[in-house]
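Right, one structure below, let's go through it.
The values are calculated or read from the model by the stated rules, or taken from the named source; none is laboratory data. Fair warning: this is a prediction, and the values are worked out from it, not measured in the lab. With ideal geometry, Cβ positions are generated from the backbone for all residues, glycine too; neighbour counts draw on all protein chains shown.
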Amino acid sequence: MERLLEKTSIMKHATPHILRHTHISMLTEACVDLPTIMKRMGHDDIKTTMKIYTHVTEKMKEDASQKVQKTFVSILNIRIS
């Protein structure tokens with residue numbers, strides 16, 4: 001763990017469990033489908049993956065806003081630059 005952390009810019013205490021959470025959040029952010037994430041993490045129950053490990057990131061919030069704007073631009077009367 002120490003050797004891995006030396007290769008990053010992470011300054012706070014990190015554990016394998018924290019990295020597992022981060023990994024799953026990054027997969028979700030990259031739009032990897034849930035069954036693939038579950039298989040990769042060894043989860044059999046979707047509740048485990050959804051309730052414990054997936055976190056909404058700032059990028060995911062921004063992407064959602066952009067998708068809404070793009071999809072509903074005519075209804076919302078928004079000008080996209």
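List the pairs whose first member sits in region 17-33 and is farther than 23 Å from Met1 by Cα, whose second member is surrounded by 14 or more Cβ atoms within 10 Å (Cβ to Cβ), and whose Cβ atoms are under 6 Å apart, counting only residues at least 6 apart or on separate chains? Final answer for the pair search is Thr28/Thr54; Glu29/Thr57; Glu29/Met60. For region 22-81, filtered to residues that are closer than 23 Å to Thr8 by Cβ and in contact with a Lys or Arg (Cβ under 9 Å, 6 or more places away or on another chain), the residue that is modelled with the lowest pLDDT is Tyr53.
Residues that are part of a helix (DSSP H, G or I), among the hydrophobic types (A, V, I, L, M, F, W, C) and surrounded by 12 or more Cβ atoms within 10 Å (Cβ to Cβ): does region 7-15 have at least one?
Checked region 7-15: no residue is part of a helix (DSSP H, G or I), among the hydrophobic types (A, V, I, L, M, F, W, C) and surrounded by 12 or more Cβ atoms within 10 Å (Cβ to Cβ).
Looking at region 16-29, is at least one residue outside any helix (DSSP H, G or I) and β-branched (Val, Ile, Thr)?
Taking region 16-29 and keeping what is outside any helix (DSSP H, G or I), we get none.
Checked against the condition, which is being outside any helix (DSSP H, G or I) and β-branched (Val, Ile, Thr), region 16-29 yields no hits at all.
Does region 9-18 contain at least one residue that is in contact with a helix residue (DSSP H, G or I) (Cβ under 8 Å, 6 or more places away or on another chain), aliphatic (A, V, I, L, M) and within 23 Å of Asp63 (Cα to Cα)? No, region 9-18 has no match at all. Here the condition is being touching an Asp or Glu at 6+ places or on another chain (Cβ under 8 Å), among the basic types (Lys, Arg) and in a helix (DSSP H, G or I); of Lys59, Lys51, Lys70, Lys39, it holds for Lys59 alone.
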